[in-house]
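Chemist: Structure below; questions to follow.
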């Protein structure tokens, strides 16, 4: 086994982490603590990673630190996810949650405090108890910045060998910002032994050898039109490894945030934090009420979530609240009346005007001013007009786990967070492990941090068990991969330059987003999904006929955008195929023709892989990890909590 920090050829053995959000930075810190040198790749400067948009808080227990609270949080998470998450990893996350919040507190995250000086908690959507630690409504940003400060310190920390001596010229962490991941490098056995990436300034393409690669690249939200995601969140990295053989799981579970405000080309999420502080959702009783909202008296307002059967009211789980708003606006046509068009708009009021400006500013911090600048509306004095928008993917790359004592996850196993490709790991929203069919508020930051920390231990264990370092493989493996990608990039630059009918990649991206938003979000039908599948096949063909709108040899974003478009279409086809396959309604996946949950037939994971030029949903697959071949099925591990009806479910 290769246990040392150097390969047989004397080179420093490093691992690669792709993605500079909370998951990637958490993994980087833990690996550095374990003495494993890391190269950290990020498409954008780390502090612009998408984790900054997580506003409301991070689930971290109720502050008591008791096992009873951890168990209650575990059950709440499993139940909200409609029992579609494997239970040992979720229990492991619930048990670790208080320690993770304590870790961030010690790093200097400015969590809101109680009068006694303890970390304060708020209740977020779907939660029965206040468990989310928060820093105003900028929690994700504060955690990301605190993690980055620690990583910056490690960028100056020297790498040490087994004797504790410095390795000349090597630091524990190297940060490579503005690098675009293209694909992994695999050896003859199919093991991931490195990656290919492109410097987005020089446009150089390089293949690098690594003992393991961790993807922490976020979700696929930008595939959907008018989503709350940034333009870079196409999950192109996930699409690339799916094309190379990785299994994708539960792709159909796409969460919509119930309260978002329209922007020029995307939606802006209004955090659960506003509802946690008392904001209420309502529409006028009269469909044609033209009065400003402040002039409509209480008795003439319909607080529709408060009269629904869900006991959580305005903090109902995202899927319940979303379907309620869609029912009000689309089925009942009772959205806010638009006097200009004489029609009812797709919007309801989110009203916090009764809470008080002092309370909102104290509890939400700078978010109040941010919303004011972004939307031109002071939430303290004016109700917002909101409508659901795509905000999260519960599905992602399939990853494994190993159970330990007491049914929880084994803390150090090379199987934890391992994808179906040996040597390739995933953490954060890019994988599917922790939320099942629906995510609780505050769960995204926690699962990113926990998954990243867990993956780090797994990678260290995998690296220790290796028979041979990737650095000792023939250089020809990497040279061949690099040359193939250099040629592919050259072909992209030259494609369609003389063809007047060549497609515009940005227009195709918009077309993709419109199709996915229309047919594959809150409500699905088999007929619409069949039509969508044909549309996506057509888009896949047309994506091969796009034209680079910029042929500059440096700082060219046009050609990489073409590459990302092809990946976005591929992953969209996986999502659509998975949604078509699941013949029930569960969590964020809702088919009006099959409105009920069907545990007998569908309490199972949807597994999809890319075969030939199309997605295929499969029931089983084999994969290898640390020299062991393991068989996987669609079965869900429900060994810790008996399957039962969802108590938080309300009538929408």
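The values are calculated or read from the model by the stated rules, or taken from the named source; none is laboratory data. Keep in mind that this is a model prediction, so the values were computed, not measured. Every residue, glycine as well, gets a Cβ built from its backbone with ideal geometry; the counts of neighbours run over all protein chains shown.
Chemist: Where residues in the stretch 508-527 are farther than 21 Å from residue 325 by Cα and surrounded by fewer than 19 Cβ atoms within 10 Å (Cβ to Cβ), which of them is farthest from the chain's Cα centre (by Cα)?
Modeler: The selected residue is 527.
Chemist: Any idea which residue in the stretch 549-566 is farthest from residue 516 (Cα to Cα), counting only those that are under 29 Å from the mean Cα position of the chain (by Cα) and not in a helix (DSSP H, G or I)? Explain how you work it out, then say what you get.
Modeler: Initially, the stretch 549-566 is screened for residues under 29 Å from the mean Cα position of the chain (by Cα), giving 555-566.
Next, from what is left, pick out any that are not in a helix (DSSP H, G or I): 555-557.
Values: 555: 30, 556: 28, 557: 24 Å.
Only one residue tops the list, namely 555.
Chemist: Does residue 368 satisfy being modelled with pLDDT under 95, over 24 Å from the mean Cα position of the chain (by Cα), within 30 Å of residue 514 (Cα to Cα) and surrounded by fewer than 23 Cβ atoms within 10 Å (Cβ to Cβ)? Steps first, please.
Modeler: Numbers: modelled with pLDDT under 95: yes; over 24 Å from the mean Cα position of the chain (by Cα): yes; within 30 Å of residue 514 (Cα to Cα): no; surrounded by fewer than 23 Cβ atoms within 10 Å (Cβ to Cβ): yes.
For residue 368, the condition - modelled with pLDDT under 95, over 24 Å from the mean Cα position of the chain (by Cα), within 30 Å of residue 514 (Cα to Cα) and surrounded by fewer than 23 Cβ atoms within 10 Å (Cβ to Cβ) - is not met.
Chemist: Also: Determine whether residue 569 is touching a strand residue (DSSP E or B) at 6+ places or on another chain (Cβ under 7 Å) and not in a loop (DSSP other than H, G, I, E, B). So that I can check it myself, show each step before the final result.
Modeler: On the way: touching a strand residue (DSSP E or B) at 6+ places or on another chain (Cβ under 7 Å): no; not in a loop (DSSP other than H, G, I, E, B): yes.
Judged against the criteria, residue 569 is not a match.
Chemist: Take the conditions more than 21 Å from residue 457 (Cβ to Cβ), more than 20 Å from the chain's Cα centre (by Cα) and surrounded by fewer than 21 Cβ atoms within 10 Å (Cβ to Cβ) and apply them to residue 207. Does it pass? Before you say what the answer is, go through the steps one by one.
Modeler: Numbers: more than 21 Å from residue 457 (Cβ to Cβ): yes; more than 20 Å from the chain's Cα centre (by Cα): yes; surrounded by fewer than 21 Cβ atoms within 10 Å (Cβ to Cβ): no.
No; evaluated as a whole, the condition is false for this residue.
Chemist: Right, here's the next one. Only residues in the stretch 33-45 that are in the same structural domain as residue 177 (by TED's automatic domain parsing) count as the first member; pair them with residues that are crowded, with 22+ Cβ neighbours inside 10 Å and assigned to a loop (DSSP other than H, G, I, E, B), Cβ under 6 angstrom, at least 6 apart or cross-chain, and list the lot.
Modeler: Qualifying pairs under 6 Å: 37/14; 37/172; 39/14; 42/20.
Chemist: Pairs needed: first member in the stretch 460-482, assigned by TED's automatic domain parsing to the domain that holds residue 411 and within 23 Å of residue 418 (Cα to Cα); second member anywhere, at pLDDT 95 or above and in a helix (DSSP H, G or I); C-beta distance under 8 Å; at least 6 residues apart or different chains.
Modeler: Listed pairs, sorted by first residue: 460/31.
Chemist: Here is a follow-up. Among residues belonging to the stretch 184-204 that are touching a helix residue (DSSP H, G or I) at 6+ places or on another chain (Cβ under 8 Å) and buried (at least 24 other Cβ atoms within 10 Å of the Cβ), point out the one that is farthest from residue 26 (Cα to Cα).
Modeler: Of everything passing the filter in the stretch 184-204, 185 is farthest from residue 26 (Cα to Cα).
Chemist: While we're on this one: Within the bounds of the stretch 388-398, is there any residue that is within 30 Å of residue 295 (Cα to Cα), in a strand (DSSP E or B) and either in contact with a strand residue (DSSP E or B) (Cβ under 8 Å, 6 or more places away or on another chain) or in contact (Cβ under 8 Å) with a residue 12 or more places away in the chain (or both)? Break it down into steps so the answer makes sense when it comes.
Modeler: First pass over the stretch 388-398, keeping only residues within 30 Å of residue 295 (Cα to Cα): 388-389.
This time we only want the ones that are in a strand (DSSP E or B), so: 388-389.
Adding the requirement that they be either in contact with a strand residue (DSSP E or B) (Cβ under 8 Å, 6 or more places away or on another chain) or in contact (Cβ under 8 Å) with a residue 12 or more places away in the chain (or both) leaves 388-389.
The answer is yes, given that some residue of the stretch 388-398 is within 30 Å of residue 295 (Cα to Cα), in a strand (DSSP E or B) and either in contact with a strand residue (DSSP E or B) (Cβ under 8 Å, 6 or more places away or on another chain) or in contact (Cβ under 8 Å) with a residue 12 or more places away in the chain (or both).
Chemist: Considering only the stretch 543-586, state which residues are out of contact with any helix residue (DSSP H, G or I) (no Cβ under 6 Å at 6 or more places or on another chain) and over 15 Å from residue 251 (Cα atoms).
Modeler: 544, 545, 547, 552, 553, 554, 555, 556, 557, 558, 560, 563, listed by residue number.
Chemist: Can I ask one more? Does the stretch 409-421 hold any residues that are surrounded by fewer than 22 Cβ atoms within 10 Å (Cβ to Cβ) and either outside any loop (DSSP other than H, G, I, E, B) or in contact (Cβ under 8 Å) with a residue 60 or more places away in the chain (or both), and which are they?
Modeler: Start the filter on the stretch 409-421 by keeping residues that are surrounded by fewer than 22 Cβ atoms within 10 Å (Cβ to Cβ), which leaves 410-413, 415.
Within the stretch 409-421, 411, 415 meet the criteria.
Chemist: If a residue has to be more than 20 Å from residue 438 (Cα to Cα) and touching a strand residue (DSSP E or B) at 6+ places or on another chain (Cβ under 9 Å) to count, how many in the stretch 115-134 make the cut?
Modeler: Of all residues in the stretch 115-134, those more than 20 Å from residue 438 (Cα to Cα) come to 115-121, 133-134.
Narrowing further to those that are touching a strand residue (DSSP E or B) at 6+ places or on another chain (Cβ under 9 Å): 119-121, 133-134.
Qualifying residue count, the stretch 115-134: 5.
Chemist: Quick one: which residue in 251, 236, 260, 264 is more than 30 Å from residue 647 (Cβ to Cβ) and in contact with a strand residue (DSSP E or B) (Cβ under 9 Å, 6 or more places away or on another chain)?
Modeler: Working: 251 fails: more than 30 Å from residue 647 (Cβ to Cβ); 260 fails: more than 30 Å from residue 647 (Cβ to Cβ); 264 fails: in contact with a strand residue (DSSP E or B) (Cβ under 9 Å, 6 or more places away or on another chain).
Step by step, each of 251, 236, 260, 264 is checked, and only 236 is more than 30 Å from residue 647 (Cβ to Cβ) and in contact with a strand residue (DSSP E or B) (Cβ under 9 Å, 6 or more places away or on another chain).
Chemist: Next question. Can you tell which of 19, 63 is at positive phi and at pLDDT below 95?
Modeler: Working: 19 fails: at pLDDT below 95.
Exactly one of 19, 63 is at positive phi and at pLDDT below 95, namely 63.
Chemist: Something else: Just to be sure, is residue 458 assigned to a helix (DSSP H, G or I), more than 17 Å from the chain's Cα centre (by Cα) and at pLDDT 95 or above? Talk me through it step by step, then tell me what you get.
Modeler: On the way: assigned to a helix (DSSP H, G or I): yes; more than 17 Å from the chain's Cα centre (by Cα): yes; at pLDDT 95 or above: yes.
So residue 458 fits the description; yes.
Chemist: Okay, next question. Can you work out which of the residues in the stretch 65-80 that are free of Cβ contacts under 8 Å to residues at least 60 places away in the same chain and surrounded by 19 or more Cβ atoms within 10 Å (Cβ to Cβ) is farthest from residue 102 (Cα to Cα)?
Modeler: If we take residues in the stretch 65-80 being free of Cβ contacts under 8 Å to residues at least 60 places away in the same chain and surrounded by 19 or more Cβ atoms within 10 Å (Cβ to Cβ), then 73 is farthest from residue 102 (Cα to Cα).
Chemist: Another question, if that's okay. Do the conditions hold for residue 299, that is, is it modelled with pLDDT of 95 or more and on the phi < 0 side of the Ramachandran plot?
Modeler: Working: modelled with pLDDT of 95 or more: yes; on the phi < 0 side of the Ramachandran plot: yes.
So residue 299 passes the test.
Chemist: When you go through 586, 573, 582 one by one, which is the residue that is at pLDDT 95 or above, buried (at least 20 other Cβ atoms within 10 Å of the Cβ) and closer than 30 Å to residue 500 by Cα?
Modeler: Working: 586 fails: closer than 30 Å to residue 500 by Cα; 582 fails: closer than 30 Å to residue 500 by Cα.
573 is the lone residue from the list that is at pLDDT 95 or above, buried (at least 20 other Cβ atoms within 10 Å of the Cβ) and closer than 30 Å to residue 500 by Cα.
Chemist: A further question follows. Quick one: in the stretch 493-507, which of the residues that are over 27 Å from residue 393 (Cβ atoms) and either touching a residue at least 60 places away in the same chain (Cβ under 8 Å) or touching a strand residue (DSSP E or B) at 6+ places or on another chain (Cβ under 8 Å) (or both) is surrounded by the most Cβ atoms within 10 Å (Cβ to Cβ)?
Modeler: Step one: of the stretch 493-507, the residues over 27 Å from residue 393 (Cβ atoms) are 493-502.
Next, only the ones that are either touching a residue at least 60 places away in the same chain (Cβ under 8 Å) or touching a strand residue (DSSP E or B) at 6+ places or on another chain (Cβ under 8 Å) (or both) stay: 493, 495-496, 502.
Values: 493: 17, 495: 17, 496: 19, 502: 16.
Among them, the one singled out is 496.
Chemist: Determine whether residue 49 is buried (at least 24 other Cβ atoms within 10 Å of the Cβ), at pLDDT below 95 and closer than 29 Å to residue 274 by Cα. Can you show your working first?
Modeler: Values: buried (at least 24 other Cβ atoms within 10 Å of the Cβ): yes; at pLDDT below 95: yes; closer than 29 Å to residue 274 by Cα: yes.
Criteria met by residue 49.
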